[in-house]
Each structure stands twice: as structure tokens, then as C-alpha cells.
1. How large is the Kirkwood hydrodynamic radius of the chain, counting all unique pairs of alpha carbons, in Å?
2. In terms of modelled amide H atoms, which long-range or inter-chain residues lie less than 5 Å from the amide H of I76?
3. Just how large is the dipole of the chain about the Cα centre, in debye to the nearest 20, putting +1 at every Lys and Arg Cβ and -1 at every Asp and Glu Cβ?
4. Give me the distance between the Cα centres of the range 89-113 and the range 5-53, rounded to whole Å.
5. Quick one: which residues, 5+ away or cross-chain, put their amide H under 5 Å from the amide H of D6? H built at 1.01 Å from N.
6. So what is the calculated 222 nm ellipticity per residue for the chain, using -39500 (n - 2.57) for each DSSP H run with n of 4 or more, over all residues, to the nearest 500 deg cm²/dmol?
7. Using R₀ = 35 Å, calculate the FRET efficiency as 1/(1 + (r/R₀)^6) where r is the Cβ-Cβ separation of F39 and R146; round to 0.05.
Amino acid sequence: MKIIVDANIVFSGILNSDGKIGDLLINSKKYFNFIAPEFLRYEIKTKYERLQTISGLSIERIMEAEYQVCKDITFISEQQINPGIWTESFGLVHDIDIKDVQYVAYAKQFRCKIWSGDKKLFKGLTEKGFVNLVTTDNLFAIRTKRIK
């Protein structure tokens, strides 16, 4: 199953790599194919200081957690998204949160679900009939079933 991972999920995994989100990102390669926009790599690097402040971890420890959390994510260039899909995606998120347009575009382009903890995004997209969304609990349940 292909899953587009949004920034809040990756940041949560970095901040708590021993938690449920960190566990899913680090230990689910056999069950899920995680993808993310290439821009997310840059975004992570620009947030090192903030992550350090929030977590109390050293930059080295944050970098190690980033490596563990991101090692099984395939980062894909935004240039691979069809221009028409960008337009459709903008139409879906322009009144929810424009910063999420790339996740919707990737989900549409690669026919996958968005893994996000953003309740506003979930509610707004669901109300518009966009159902390619998955929660942490959903993924955990899917992986648990596949393990058995």
C-alpha cells in the first residue's frame, strides 16, 4: 500500500521515534510504501533548531532520529506531478490550508492515501468527498493484521 506522508507525521516521528508514529515509519517497510515530496527534506533541515527546542535533544540526536524515520520514505520531485492535478488539488485545499496542496496532488497523481494528523485537513477534504486519507490508528491496524 502506497502512502503519502505529510510533514506533521515526519516531525512527530522525529520527536518521538519510540512512539506509534515513529514505530510505523521505522518498522513498516514490508507493509507500506511511504512517499513524500522532495521539499520535505528541506523543510526538516530548516526546523532543526525548533525540533531541538521542543525535544531537548542535541542536533546530532535529531539528525539520527531523522535518518531512522526517513530511511524508508521515497522522496519524489514535485515536477513529477501533472499540472492538471496541481489545479484540481488547489481547488480542494485552497480554503482549508494551501500548504497541503502538495499532499493532495501526490495522492491524486500516485493514487495513494495521505497519512496526516491534521484534523482540519481531514474534515475539510472529507466534506468535499476526498476520501484518500488514513490515520495513524488505521495504519497501525492494517499493519497488525498483515503481521498475523
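1. For the chain, inverting the mean 1/r across all distinct Cα pairs yields 15.7 Å.
2. The list, which skips near neighbours in sequence, is A36, E38.
3. Using only the charged Cβ atoms, the result is roughly 640 debye.
4. Centre-to-centre distance over Cα atoms comes out at 19 Å.
5. Amide H to amide H, under 5 Å and 5 or more residues apart or across chains, D6 pairs with W115.
6. -17000 deg cm²/dmol
7. For F39 and R146, the calculated efficiency is 0.70.
No lab work stands behind these numbers, since they all come straight from the coordinates. Computed from a prediction, not measured in an experiment: that's the story for all the values here. When we count neighbours, we look across all protein chains shown, and the Cβ atoms used for this are built from the backbone with ideal geometry, even at glycine.
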